Amino acid sequence: MTRLLLFVATLFFASQVCAFSLFGGKWLLKIDGKKYTAEDFKKWWRYWGEGEAVLDNSTLEQFVDWLLLSREGELLGLYNEPSYKKKLSVFLKVRSLLQLRSDEVGSRIKVDRESLWKLYKERYAPLVKVKILVTDNRTEAESWRSKIKSPGDFESFFKQLVSQKKAKDMGWRRPISTPEDLRDIVFKAEKGAILGPLRHGKTWMIVYIEDVVEPNEADFRKIHRILAERYGKEQEAKFTAELVERLKKKYRVEIRWDLLNRVGLGDLPEGMDNQTVMVIDNVTVTAGQFHEILKREAGLRLRKSKNREELERLKRYIVNSMVSQTLIDKEALGRHYERGPLKDIYWFYKKNRLIKELYDKIIKPSIKVYDEEVKEYYRKHREDFAVPEMVEIAVIQTKDEELIKSVYDRLSKGEDFFDVAKDVMFHGAKPRKFFLKDLVPPVREAVEKMVPGDISNIIKYKDWYFVVKLVKRYPKRVHSFDEVKDSIKKMLFEKKFEEAKREYLSKVRGKVKVEINRKEWDRLVKELRGEG
């Protein structure tokens, strides 16, 4: 009986080991006995060069190096460095915010044809072609209107008033791009209608509806992308506002308007500086802090003559922004996405950031680049800092052989090059700078023999004909030491840094035992390459 039980127990244990081996127990590599699996590699591979690097044996070595360096950062306690903690905090906050907005806003936005067509009809159609007569004198506008009985009358006035800048062709307009006080009357009018006088701000205008295009499929398709973007933004604003309202119920929000109403752009009342004007969960804002924000925002957003109404609107904007942002930040971090959807990228970032801390705190401080090294490098590589010869030229070009012959004939008779260019090319010929070596061969050969002021013969290249005027030459120039010393120093530092990294990594590898499961690696490579 005892032997039977022992046999069964042994068989059970063996089956468990076998199961472990078959279902996820395989390791890819070991570092001092610590196992890393194919899943660990795939997490790293997803973010290392965004999975675009070459997948071969060197890739596995890069993964080992990455693990060793991040492990060194841990052993040295670099996760306690303020710079590391700050970077980690910023990364988590930004990523968590993106994830929250995706969950609560982005995932709820559904762009469908029905919604876009509704938006199109409400704010983008019909299309109306509009001309206006405009004046700041109501009596003048009424006088025009009394004499305009038909579209022909309007066009006559339009021609007379254009030179006085009292007539404007507004072209095709959509409701969304038309002032609100004119929108209803203009877009309800029929083709040929003459409207007004209409008041708009301090002006009076007569409006002529030259043409109308009703909502149609072709126009809808033409602006489909614009419609989708606007609809998406409006839906985003809507769902964000709903999220903030839900969060206001979840977290404590207290706004002391009785105190905020006393905060202006001038000095605060005595003793008010440290009084709390806002509480957002565990975040408090004092009158002094709000006062500084208000002054800064007023300087950026308000006109020089700041009236009380504008200032009060700005206050509410600041309060709403602070409440919204603080609540969203708090909710994003409170959901601990780093334990869920951000788990893999957070794992990668933490280790990768430790490596950067290792570079910044351990390796880089040991590197020195001396002034004499920089000077010596400049002496030996002076030609590397040369700027090739440049020329400033103006070019008349065409594919019309007869036209270029006519151009050359006029130039030969002494006509100004740029005057002739204006006659044959829409924009004329403007002088431009080129490296001599970059010009097409026949143009370069001609320019090499010219002096400033010369005009070339006719030059043919492929299907084109050219006549070139050389305006100025800029001889080859070598940058001075003072101009390039900083870039040389940076380059030498980077070179030494790469050498120091290799040496450091070599020492680290010499202290540890690395084992690689080649069979598992070969299987993984085939999987990632989609080979079965």
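Laboratory data are not the source of any read-out in this text; all were calculated from the coordinates shown. Being a predicted model, the structure only gives us computed values, none of them experimental. All Cβ positions, even for glycine, are placed from backbone atoms using ideal geometry, and neighbour counts span all protein chains on display.
The convex hull of the Cα atoms of the stretch 252-334, projected and averaged over all directions, covers 5.6 nm².
Please give the charge dipole size of the chain, origin at the Cα centre, charges +1 on K and R Cβ atoms and -1 on D and E Cβ atoms. Round to the nearest 20 debye.
Dipole about the Cα centre, nearest 20: 1020 debye.
All C-alpha pair distances within the chain, sorted into 20 Å bins from zero, spread as 12, 22, 37, 24, 4, 1, 0 percent across the bins.
Which values of log₁₀ I(q)/I(0), to two decimal places, follow from the Debye formula for the stretch 183-284 at q = 0.14, 0.17, 0.21 Å⁻¹ with a uniform point scatterer at every Cα? For the stretch 183-284, the Cα-only Debye profile gives -0.84, -0.94, -1.13.
Taking GluC sites (Glu not before Pro) in DSSP loop conformation with at most 16 other Cβ atoms inside 10 Å as exposed sites, the chain has its longest uninterrupted site-free stretch at 53-189. Computed from backbone phi with θ = phi - 60° and the Karplus coefficients 6.51, -1.76 and 1.60, the 3J(HN,Hα) list for the stretch 337-344 is 4, 5, 9, x, x, 9, 4, 5 Hz; x is used for glycine and proline.
Quote the convex hull volume per residue of the stretch 389-475, based on C-alpha atoms, as a whole number of Å³.
Expressed per residue, the convex hull around the Cα atoms of the stretch 389-475 is 83 Å³.
Compared with the direct C-alpha span, the chain from Leu265 to Glu297 gains 10.5 nm at full extension, assuming 0.36 nm per residue.
Can you tell me the FRET efficiency between Lys405 and Ser83 if r is taken as the Cβ-Cβ distance and R0 is 51 Å, rounded to the nearest 0.05? According to the calculation, E is roughly 0.15. 3J(HN,Hα) along the stretch 489-502: 4, 5, 5, 5, 4, 4, 5, 5, 5, 4, 5, 5, 4, 4 Hz, from the Karplus curve 6.51 cos²θ - 1.76 cosθ + 1.60 with θ = phi - 60°, whole Hz, x for Gly and Pro.
With the helix formula -39500 (n - 2.57) applied to DSSP H stretches of n ≥ 4, the chain reaches a computed 222 nm mean residue ellipticity of -17500 deg cm²/dmol.
Dividing the alpha-carbon radius of gyration of the stretch 64-215 by the rule-of-thumb value 2.2 N^0.38 Å gives 2.01.
Hey, any idea what the orientation-averaged projected area of the convex hull of the stretch 126-214's Cα atoms comes to, in nm²?
5.2 nm²
Here the stretch 73-132 is treated as a sphere whose radius is the Kirkwood value from Cα pairs; by Stokes-Einstein at 4 °C and 1.567 mPa s it diffuses with a coefficient of 79 µm²/s.
The simple Förster model, with R0 at 30 Å and r as the Cβ-Cβ distance, assigns His336 and Lys26 a FRET efficiency of 0.45. When Rg and the Kirkwood radius Rh are both evaluated on Cα atoms of the stretch 21-135, their ratio Rg/Rh stands at 1.31. In plain terms, the chain from Glu254 to Leu55 could stretch by 66.1 nm, reckoned as 0.36 nm per residue minus the Cα-Cα distance.
Taking 1.002 mPa s as the viscosity and 20 °C as the temperature, the Stokes-Einstein diffusion coefficient of the stretch 425-532 based on its alpha-carbon Kirkwood radius rounds to 102 µm²/s. The label-point distance for Ser366 and His427, in a model that sets each label 7 Å from Cα toward Cβ, rounds to 5.6 nm.
Between the beta carbons of Lys375 and Lys526, assuming R0 = 51 Å, the FRET efficiency works out to 0.40 to the nearest 0.05. The Rg/Rh ratio for the stretch 302-455 is 1.32, where Rg is the radius of gyration of the alpha carbons and Rh is the Kirkwood radius. Distance between the pseudo-spin-label points of Asp273 and Lys110 (7 Å out from Cα toward the beta carbon): 5.6 nm.
With 31 Å as the limit, the listed pairs Lys433/Lys460; Lys350/Lys490; Lys87/Lys495; Lys168/Lys433 have Lys168/Lys433 beyond it between alpha carbons.
Distant-in-sequence amide contacts of Gln275, defined by a placed amide H-H separation under 5 Å and a gap of 5 or more residues or a different chain, comprise Ala287, Gly288. Gain on full extension, evaluated as 0.36 nm per residue between Thr284 and Glu383 minus their Cα-Cα distance, stands at 29.5 nm.
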